[in-house]
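Report on one structure; see the data block that follows.
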Amino acid sequence: MRHGFQPPRISRRSIIAGAAALPFAYQAMQLGSQAVAASQSDELIIREREPQNLESDFAALDSFITPNDKFYVRNHFPVPQLDAKSWRLKIEGSVQKPLELSYDELIGLPSETRPVTLECAGNGRVLLVPKADGAQWQFGAVGNAEWTGVPLAALLERAGVDPKTVDIVLEGADSGEVSKPSKPAKPFHFARSVPLEIAKTGGILLAYKMNGQPLPESHGFPLRAIVPGWFGMASVKWLSRIIATKQPYHGFFQTVDYAYWQHHDGNPVRVPLSEQQVKAQIARPTFAEVVPKGTKYRIFGAAWAGPASIAKVEVSTDDGKSFSPAKLLGEPVKHAWRLWEFSWNVPDAPGKVLLKVRATDDKGNSQPLERDKDRENYMINHVIPIEVHVR
Ligand SMILES: Nc1nc2c(c(=O)[nH]1)N[C@H]1C(S)=C(S)[C@@H](COP(=O)(O)O)O[C@H]1N2
Ligand SMILES: [Mo]
């Protein structure tokens, strides 16, 4: 039995109903690890069991905020079992004053609460032709939650970062080995860096709450980074160490993994993935759905553009021959997705229809129609048709 404050476990609805009035620590004791593994499959689709990789049912999208038990889980290594009493966050490297902070100290600092959309850079991978390596996500490796935490910039300020620093490395407590043709010989931690400039001005939060609840274990308890507008890999979970470096950081998860090819002066250059790309997804109808002929159907989905804002979403109901604007719902929220809808006059004639959606951001970037092969198995934002049956 672990001691100290424990995060709420993602739990089966029936169990939660009975345990709703109990304190979190007691719930965790009641459930045990078996109950957790079983319960998550109620809300999430299992893509890999060990380590646990679960995706949302995107077709069930119905709100701006993704509830914690419906938020995708992307893990590279086993979930580390951390105890908030003994856990510490270390800030070290090229800083004047290295820091070591406890959980209680952190949650006592000035905090911010903001909705931020996380998308895994491999979201949509199962739809790639030819088949690409990695977890076979469909549309559900994306979610939008409200995160509460301490701004990274404030802690770096306190530690006094050396001006010659170029990268800030975020290291998780999880570690293990990987199966890749090129890999370190020994187990290593999940880690990712951001350039110093982004660490200071990018609005990065060190979050300890998700949708008002203590961060669930699978989402990084007790503390995780949230890097707004970037693909999910930068939002390091189970954060235990922050290292300021004067040398550019070339860790595994931004060179071998989570990187792609750009061409500089005609030469391919390996570049770490960073910002999310403009993208809209259709939640409903879903692949091969039967749509009643001659009716009005509400096509519904979400769109996001990393650090930019969604300017428009357009829908095609004729396989891309023509596109018409969808209605953007709610208000724009920086770094969060925007829900949208489109009222479709379904044809009277039965047959197959290819639906397409394309988003454009306020910087003028639109989703490409063709796949860029230099992105290999990441950054999947080209327009993907959904075939439905009108009957
Ligand atoms: N420590 C650690 N942080 C991590 C990961 C991980 O495996 N270990 N996975 C990353 C990836 S690839 C993504 S997409 C997001 C997913 O966050 P979530 O599981 O809360 O949805 O966490 C990131 N942070
Ligand atoms: Mo990811």
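Nothing in this text is a laboratory measurement; each read-out follows from the coordinates by a stated rule. Everything numeric in this text was worked out from a predicted model, so none of it was measured. Counting neighbours? That spans all protein chains shown, and the Cβs are built from the backbone with ideal geometry, glycine included.
How far, in nm, would the chain grow between residue 389 and residue 105 when pulled straight, counting 0.36 nm per residue and subtracting the alpha carbon separation?
Working: separation 284, 0.36 × 284 = 102.24 nm, distance 5.68 nm.
Value of the extension gain: 96.6 nm.
How large is the dipole of the chain about the Cα centre if only Lys and Arg carry +1 and Asp and Glu carry -1, each at its Cβ, rounded to the nearest 20 debye?
On the way: 46 positive and 42 negative charges, 44 e Å.
The dipole magnitude comes to about 200 debye.
What are the principal axis extents of the Cα atoms in the chain, in Å, biggest first?
For the chain, the Cα extents along the three principal axes come out at 69, 63, 41 Å.
Under 13 Å from the Cβ of residue 284, count the other residues' Cβ atoms, weight Lys and Arg +1, Asp and Glu -1, and hand me the total.
Working: positive: 298; negative: 57, 62, 289, 341.
Result for the local shell: -3.
Leaving out same-chain residues fewer than 8 places away, which lysines sit with a Cα under 20 Å from that of residue 296?
327, 352, 356
In degrees between 0 and 90, to the nearest 10, how far off the longest principal axis of the chain does helix 24-43 point, with axes built from Cα atoms?
30
Suppose a student asked you for the relative contact order of segment 191-344, using Cα pairs under 8 Å spaced at least 6 residues apart; what percent would you report? Don't jump to the answer; show the numbers that get you there.
Details: 251 pairs, mean separation 24.8, N = 154.
The value is 16 percent.
Please give the length that would be gained between residue 256 and residue 88 if that part of the chain were fully extended, namely 0.36 nm times their separation in residues minus their C-alpha to C-alpha distance (nm, one decimal).
On the way: separation 168, 0.36 × 168 = 60.48 nm, distance 2.91 nm.
Answer, rounded to one decimal: 57.6 nm.
When only DSSP loop residues count, what trypsin sites (Lys or Arg not before Pro) in segment 116-174 have their Cβ near at most 16 other Cβ atoms within 10 Å?
Hits after loop and neighbour filter: 131, 164.
Can you figure out the FRET efficiency of residue 131 with residue 96, using R₀ = 41 Å and their beta-carbon distance, to the nearest 0.05? Don't skip to the answer; put the middle values down first.
Values: r = 50 Å, r/R0 = 1.22.
Here the calculated transfer efficiency is 0.25.
Just name one of 202, 144, 187: the one whose Cα is farthest towards the positive end of the charge dipole of segment 128-222 (beta-carbon charges, Lys/Arg +1, Asp/Glu -1).
187
With n ≥ 4 as the cut-off for DSSP H runs, can you work out [θ] at 222 nm for the chain, using -39500 (n - 2.57) per run divided by the number of residues, rounded to the nearest 500? Could you put the intermediate results ahead of the total?
Values: 5 runs with 46 residues, N = 391.
Here the helix-only value at 222 nm equals -3500 deg cm²/dmol.
Just need the relative contact order of the chain here, percent rounded to a whole number, with Cα pairs under 8 Å and 6+ apart.
Values: 940 pairs, mean separation 58.7, N = 391.
15 percent.
Enumerate the calculated ³J(HN,Hα) couplings along segment 109-122 in order (Karplus 6.51 cos²θ - 1.76 cosθ + 1.60, θ = phi - 60°), each rounded to whole Hz, writing x wherever the residue is Gly or Pro.
Computed from phi, the couplings for segment 109-122 are 7, x, 10, 10, 10, 8, x, 9, 8, 9, 10, 6, 5, x Hz.
About its Cα centre, how strong a charge dipole does segment 60-206 have in debye, to the nearest 20, once Lys and Arg get +1 and Asp and Glu get -1 at the Cβ? Can you show the working numbers first?
Numbers: 16 positive and 18 negative charges, 91 e Å.
Approximately 440 debye in magnitude.
Extension gain residue 157-residue 178, at 0.36 nm per residue separation less the Cα-Cα distance, in nm? The partial results should precede the final answer.
Numbers: separation 21, 0.36 × 21 = 7.56 nm, distance 3.50 nm.
Extra length from residue 157 to residue 178 when fully extended: 4.1 nm.
Taking the chain as a Gaussian network, Cα atoms linked when under 10 Å apart, which of 240, 175, 218 shows the biggest mean-square fluctuation?
It is 175.
Percentage of Cα-Cα pair distances in segment 256-384 greater than 23 Å, rounded to whole percent? Please list the in-between numbers first.
Working: 3292 of 8256 pairs.
Summing the P(r) tail past 23 Å for segment 256-384 gives 40 percent.
How about residue 186: which lysines have a C-alpha closer than 30 Å to its C-alpha, ignoring those fewer than 8 places off in the same chain?
Within reach: 85, 90, 131, 237, 246.
Work through the residues other than residue 313 whose Cβ is under 13 Å from its Cβ and net out their charges, Lys, Arg +1 and Asp, Glu -1.
Working: positive: 279, 312, 327, 338, 356, 358; negative: 314, 341, 361, 362.
Neighbourhood net charge equals +2.
In a shell of Cβ-Cβ distance under 11 Å around residue 297, excluding residue 297 itself, what net charge do Lys and Arg (+1) and Asp and Glu (-1) give? Show your work: numbers first, answer last.
On the way: positive: 284, 293, 296, 298; negative: 289, 341.
Neighbour charge sum, excluding residue 297 itself: +2.
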